[in-house]
Structures are given as structure tokens and as C-alpha cells.
1. Chain pair B, A: how much accessible area is buried, both chains summed, with a 1.4 Å probe, in Å² to 100?
2. Compute the angle between helix B:105-118 and the longest alpha-carbon principal axis of chain B, please, reported from 0 to 90 degrees and rounded to the nearest 10.
3. To the nearest whole number, what is the average tally of beta carbon atoms from other chains within 10 Å of the beta carbons of peptide B:83-90?
4. Under the definition of partner shielding as Cβ atoms of other protein chains within 10 Å of a residue Cβ, what is the mean value for peptide B:146-157?
5. How big is segment A:156-290 by the Kirkwood estimate over distinct Cα pairs, in Å?
6. Could you give the radius of gyration (one decimal) and Dmax (whole number) of the Cα atoms in segment A:3-205, in Å?
7. Just to confirm my numbers, what's the Cα centroid distance between segment B:210-289 and segment B:14-48 in Å?
8. Enumerate the amide H contacts of residue B:319 below 5 Å, restricted to partners 5 or more residues apart or on another chain; note that Pro and chain-start residues carry no placed amide H.
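The values are calculated or read from the model by the stated rules, or taken from the named source; none is laboratory data. Since the model is a prediction, treat every value here as computed from it, not as a measurement. Counting neighbours? That spans all protein chains shown, and the Cβs are built from the backbone with ideal geometry, glycine included. Please note that ligands, DNA and RNA were not included when accessible areas were found on the heavy atoms of the full protein model with its side chains. Shrake-Rupley method; radii C 1.70, N 1.55, O 1.52, S 1.80 Å.
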2 protein chains.
Amino acid sequence: MALEITADDMEAIALGGAFLGTGGGGDPYIGKLMARAAIGEGAVRVADLSEVPDDALCVPVCMMGAPTVMLEKLPSGEEALAALSALEAYLGRKADYLVCIEAGGLNSTIPFAVAAATGLPLVDADGMGRAFPELQMVSLTLHDIGASPMVLADDKGNSSVLNAVSNLWTERLARAQTIEMGGAALVALYPMVGAAAKRGLLKGTLGLVHEIGRTIAAERAANRHPGDALIARCGGHDLCTARVVDIDRRTTGGFARGRARLRGLDADQGREFVLSFQNEFLCLEDDAGRPMALTPDLICALDADGGLPVTTETLRYGLGLRLIGLPADPQWRSPAGLELAGPQYFGYDHAFSPIETLAKGV
Amino acid sequence: MALEITADDMEAIALGGAFLGTGGGGDPYIGKLMARAAIGEGAVRVADLSEVPDDALCVPVCMMGAPTVMLEKLPSGEEALAALSALEAYLGRKADYLVCIEAGGLNSTIPFAVAAATGLPLVDADGMGRAFPELQMVSLTLHDIGASPMVLADDKGNSSVLNAVSNLWTERLARAQTIEMGGAALVALYPMVGAAAKRGLLKGTLGLVHEIGRTIAAERAANRHPGDALIARCGGHDLCTARVVDIDRRTTGGFARGRARLRGLDADQGREFVLSFQNEFLCLEDDAGRPMALTPDLICALDADGGLPVTTETLRYGLGLRLIGLPADPQWRSPAGLELAGPQYFGYDHAFSPIETLAKGV
């Protein structure tokens, strides 16, 4: 079933993307403005994955870099089009469909801006079902679909085409380029035909993003915190409600890395938690160091008061959070998925355990 | 007048390149072996610049990175061909001539290996008349000839095509890529037609390299130190003869940077000198901090005993050096040339003064 997304729908897309983005993907507000301006009076068609012809060229476009940088260095919209055009020129072929590589603030909305500017449809799918910090962390890697050739474009007019021997090497080379480009770049990568998209992408993510966003907006309009409705809709787990009492954040290696110490509120009064992130929230521990939620499962943060999604770069002392855990797509919990994006890849000293199990233990 | 270079000539090319390379461009021994193996029983034609048709495609190929890394990470020869092929594929056109971008150890000889493997002629010219550490430091930049599109290829099979808005941006993006590729990469860059080559390249460099190399070999065979003959041939200045008594070297930012303290020998007994480098020798000062030779003029180092050229990465405690200064090509002494590669670009606190003037003052 195809969706038609208008400028007015972008609010919900931005909110839903920021929720599933587990703190990453950058400030959804900017992406929403870009997409609203680009869509104008028109609409972007979001096609069901099943309708994409097997030989159609599908191209994800997104922003790459540290969200802390994106806060200060707004994309003009031209870079994303430049990245797409350069990849098309390199391939000698025009894209037929655009793809959101992840559900995440900016990266759920920038593809809509590009879709509006080019008139191309989007595919109702993504490569993560959430956001992850590194570009090889997509379901496409689990299906041996290559990130290369990949184009990076910056705000100055520089661009490059990478051809790497693996998706991890694409990440390494692209990350170095992104840092040199000023900490953020617009990229087009993982060019794939429809048959590969059907095999490798996670279906229905944009529809889910839209629905989650509408739920958040509706609950807020009814003066209810959206947490309960989202837990019910997504099969989520209430992790904790707590206030940020300390935050250690660095932009290093092209990422926003750090950890926040949280002090419990309401029913969690007297407890403490540590929330660690690399662009995305990746690990939540209680005050005894026991894991409460671990990547690749989702740690989604809502403002404890207003209910809006909170991204890692806007974490600040005193902010109250309601943290909700969601089970990751089953592919992420496979041995290959855990090798790619499990807690040990990121250096956390915990073996993965599903959120359902961890939630019971608390 | 065209030259025919055989495997046996590569010794002289390597020696001459290492002398004009002012310490940079990497170990000429490796490049010589690569080129000898590639040339085999054949020969590489070195064409006079004047014979190159105006519409012929001329492509420089070279190694980029820190010579300290190149010492440990030898190129297989395949990377240089991969870089050339990728650039040809990107341009949709085959190269007609190859170019040495600089006179320098490896970078004077790798193009011969590629020429032998492809059957293409080389052009008797280069972009520096010496070696410099950064890729925008070529006479081509002074003639508004672009470094982009540029291809980098590594030993693992990774490659990228850069399109940057300036040659300085090409340097920045390529340097970051080179570091990520392990500190060294083979590159093809500054693709230019014959008309641009005639306008932008420095003529006759390979012939001069060959002649200098033969001079060094002949003097050594006659048990004479080649310094005097080279000074006579190149209009050089004897700077000092001295022993390395201290060396501070780091491989940072993709470069081999550092400085050596030298103690005078023979006629220079009792004097001290400081020799600073970034891949190449760039600044020589006496013990009062007065400059004796400054980039872009050439500071060429020979082993005080054997007379062989000495590269920065092989500098070591106790090594005796005979340092010879040569005037740079007049283009390098223009305001634009000094802005690109003068002492102040590298952070040395001296205004440029020609070696002829400095030599008189000592």
C-alpha cells in the first residue's frame, strides 16, 4: 500500500523518525523544515517495497557525521542532490526510487526533501529499523549488498566516489572524508536494484515512522505523555524515568560519543542509571552496572515532561527522560547481526541479552 | 629530444630523483627495483614536452603519504595501475602520456614502472623540479590546472575518486584518505591535455634527473664525493658538512615531520645547524637561528662519506651529511609560488630569501 506524504505529514515523519532513531540521526526539526520547503504544495509518494520492479535502481541518500556538528552546520539541500547526481553519473544510470537508510531525525526527512526535488518516489523500508552510527550497520550488509560505490558531497562543493572492498572499509574511508569535510557530509550509497532492495531492506519502516509520529502528536494534543501509547503500539518496555545529572560528551573520530548519568524520578526515585551513546543510545545500565537495554535493541528517549523524542546532542543537565526499550528486528539479534552492531562491537562489556529478558530481571 | 630508459638506467634515475627530491619522495631503492622489474629487457620512452600533441591526455601517477610508512609498506605495483585505470574509467578516456609529478625517490621511479607496464611514454617534465610534501604544491596550481578528478588506490583494493573545489581541498581530502588507507596510497591526479602540460609543467626534469644520477654514479666510481660535480652542474651552493647529533621525528597528519640537530665536520667544525623537514628538507638554520636555505629552494643531502642521497626517513644519529643548496625554478620564487610553498606556509618564521643571497651572508 503506497502512502502520499504532504508537507503537513512531515511533522509526524520527523517525530517518528526521531523516536525510532534512538537519539541519533540529528535534529529532526531541521530535516522537517527542509522537507516541508521542498514538498511545498505537492506530495511525496512512498511506495510499498513489493511494487518496486526487480531491475529498478534504488538509492539511499542521507547525512553522515556527528549530530553535534549537524546542529551548527545545516545542510542546504543542494549537497544531497549533488551526492545523488554524482552517483547517478558514476553509475551511468538514473535512480528510480530513493531509500531512507535509517529511521532517525534528519535521515528520515532528508530523503523526502530529495524525493520532492527530484520527483522520485521513496520506498517504504529502511536499512536498520532504527538508527546506527556506522554505515556498515545495515541489514544490507547482512545480505551481502555493497555500500560502494558511495558518493560524499559537502557544503563547499567537494565530492568523492568511494569504491571499497567491504562495507567496513567504506565506513572507514567515508568517515575520514566526512571528518575532513567538516564533520558532516551528504551521501548517496548502497545503490541496489529492486530485487536486492526486497531481499535486504526492512519493510514498512516509513509507514511505522509516520504512525509513531502521529501517535506522539495525538497523545500530546490530548495532554497525555505518549510513552504508554508507544509502548502499547511497538511492544516496548518501560526502562526508567530519570533526570540527567551528569553528561560527558566528546566529538571524536567523527562521532558524538559519551555517557550520561541519570537519577531516577517518580517510581524510579533513589535509583541511578548510566546511558552510553555513540551518536545513538546504545547501552543502559543500572547503578550496579547491570545492563537494562543493549544495542541492537532500541533505547528510545522521550522528554519526561513534553513527550517529544530527545536526541543525543540535545541531552543536557537537568533534562528529564522517559526511556523506552524496543526489541530490534530479528535480523539484528542473529549472530551476524550482533557481530555487526552488538554491544561488544562498541566496546561495552556485556554479552547481548534481549530486552524482554533484561526487563524481567529488573 | 626523446630518451630511451632501460632497466640499467633506473639506477641513475633513482639516484638523481633522490638528490633533487630534497629528502622526500621515499626510498628510491624500492622504486628502482619496481621499475627495473617492470621494464625488464624493454625500454621506456621519455618524450620531449614539445612533441606532446595539444589534445593528448597526460596523467601523473605517484605515491602519496609519509615516507616513514612507505619504508614498511611497499607498493606491489598493482595499486598504481589500479589508480590509473580507475581515473581512465572515470574520464572515459585512456591516457596517452604518463607524468612524474615530482622529482623524488619513489616518485621518480614508480611512473617508469607504470609506463613499462602500460607501454605508455613518459613526458620529460615534472610539476615541481624537486619534491614537495603537499599535492597542491606544483607548478600546475600556479597555472590553474586542477588536481581533480583524482584517484587514490590502496594495497587492499580500495579506491576513490575525488572532485574538489581547489587543489588545496584535493590535498586535504586526499590526505585524510591516505591516512585511513594506512599512511600511503598510489594516486593518479592532475589529468591534463598536452596544451596544459606544456603551459604548466617544468620542462626537462627527467633528463636532468638522469644526468644527475649518472654524475653521482660516475663520481662514486672514481672514488670522488659527487658533491663538487653536482654543485658545478646545478649551480649549487655548499651549505655545510655535519653530523646528525639529535633527531626528533613524528609521523603526524600523514606526514613525516621533524628536525635534526647537526654538528659541523671538517671546515664546519665547531658550528651547529638545525635541519627541519616535512617529508622534504625545508629549512636549514645555523646555531644563531639564521636561515641558510629556505623552501622553495632545494636543500639536497648527500651522505658525507659515500656520497649517496639521503632521504628524511633514513636520517639517523651519527650520520654525516653534506648539504647542498640549489635555487628553485623561478616560478617558485614568485609571490604566488612563495604563497604555495614558501617558508611561512610551513610555519617557519623566516621570510624567503634566495639561497644566493643567504650563501653570501654566511
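1. Using a 1.4 Å probe, the pair buries roughly 1700 Å².
2. For helix B:105-118, the angle is close to 20 degrees.
3. Mean partner shielding for this stretch: 1.
4. Mean partner shielding for this stretch: 2.
5. 18.9 Å
6. For segment A:3-205, the Cα radius of gyration and maximum Cα-Cα distance read 14.8, 43 Å.
7. 21 Å
8. When sequence neighbours closer than 5 places are left aside, the close amide H contacts are B:244.
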